[in-house]
1. Suppose R0 equals 22 Å. What FRET efficiency, 1/(1 + (r/R0)^6) with r the Cβ-Cβ distance, do Asp21 and Ser192 give to the nearest 0.05?
2. Give me Rg/Rg_expected for the chain, where Rg uses Cα atoms only and Rg_expected = 2.2 N^0.38 Å with N residues.
3. First compute the accessible area of the chain with a 1.4 Å probe, then give the percent of it belonging to carbon and sulfur atoms.
4. Cα centroids of the stretch 222-241 and the stretch 133-188: how far apart, whole angstrom?
5. Using Cα pairs closer than 8 Å and at least 6 residues apart in sequence, work out the relative contact order for the stretch 134-276, in percent.
6. Roughly how many whole Å is it from the C-alpha centroid of the stretch 77-91 to that of the stretch 36-60?
7. So what's the angle, to the nearest 10 degrees on a 0 to 90 scale, between helix 181-193 and the longest Cα principal axis of the chain?
8. Only Cα pairs within less than 10 Å get springs; with that Gaussian network setup on the chain, which residue of Ser163, Ser258, Ser94 has the largest fluctuation?
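The values are calculated or read from the model by the stated rules, or taken from the named source; none is laboratory data. On a predicted model such as this, the values are computed, not experimentally measured, just so you know. Because the Cβ atoms are built from the backbone with ideal geometry, glycine has one as well, and the counts that use them run over all protein chains shown. Quick note on the areas: whole protein, heavy atoms, side chains included, nothing else; ligands and nucleic acids left out. Shrake-Rupley method; radii C 1.70, N 1.55, O 1.52, S 1.80 Å.
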Amino acid sequence: INTFCPSPIDAEDGDPTPFLDFIRALVPDEKDRFELERWCATLIARPDVRMLYGVLMVSETQGIGKGTLGEKILAPLVGTQNVSYPSEQEIVESQFNYWLAHKRLAVVHEIYAGSSSKAYNKLKSNITDKYLTVQKKYQANYEIENWIHIFACSNSHRALKLSMDDRRWFVPMLTEDKRPTAYWEDLNDWLSNRGGLGIIKRWAENFVTQHGPVEHGAPAPWSLVKKLMIEEAYSPGQALVAQFLNELQKRVEEGELSPDIFVLDSQLVALIRNNL
């Protein structure tokens with residue numbers, strides 16, 4: 001049985017400049033911004049497409065607009081009945097996963113797993129598996145097709161312990177600059193009272209027509225922030241090896257060493273043993 005109910009918001013013709021200005025200020029990097037726009041447009045305009053990676057919005061500064069994008073723009077355009085707001089504890093610690101059932105979007109307002117892989121491992125199957133077994137209190141387990149997309153926010157670059165070969169999370173570079181209260185009041189008024197959400201829906205339809213949606217099975221785009229997050233979670237030994245190899249690469253590029261140089265894993269083990 002198809003239980004999906006579309007959003008009641010109809011697409012409207014209009015000027016999407018307030019939304020585009022908001023996204024431009026939130027994500028200054030052009031490449032990251034385009035990939036985030038593609039993900040959002042696909043989520044809004046192509047409910048038939050299930051993307052196999054989530055979005056992780058990380059900034060140390062609060063109040064830059066992460067929550068606005070997830071809760072006040074994406075959620076109503078997906079349809080509030082199709083959205084859940086699980087806490088990190090519900091995701092990581094609870095044996096029940098009701099927040100996944102019959103939903104297209106999960107907005108996680110704050111996630112922080114530090115050096116633990118538990119949250120990452122718990123979420124990875126939820127993001128990619130085609131089917132999921134719903135576990136709900138006082139109900140028998142049942143299996144449904146999985147249509148969830150995860151939009152998570154954090155104020156720490158140690159939000160999730162990501163691996164170098166991760167395909168499941170897109171982490172765009174965000175601004176750390178806050179806007180004045182008057183700006184948010186005007187944006188919220190545009191969204192709620194001046195047809196902003198309908199205009200964004202039309203923008204999303206036009207975006208996927210012009211640029212195409214996220215392709216089926218496509219991995220998460222790479223980003224500089226994702227690289228920094230991966231390095232942030234390195235153990236002391238991993239950090240030492242990375243520093244050594246980066247220095248080696250720099251000397252090769254500068255012509256100090258031959259490009260044919262190679263390093264044995266036993267040498268890296270000895271490096272760690274002798275310096276830690």
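1. 0.80
2. Against the compact-globule rule of thumb, the ratio is 1.14.
3. Looking at the chain in its full context, I get 50 percent from C and S.
4. Between the Cα centre of the stretch 222-241 and that of the stretch 133-188, the gap is 21 Å.
5. This gives 32 percent for the stretch 134-276.
6. Distance between centres, Cα-based: 14 Å.
7. In the chain, helix 181-193 runs at an angle near 50 degrees to the longest axis.
8. Checking each option, the largest mean-square fluctuation is seen for Ser258.
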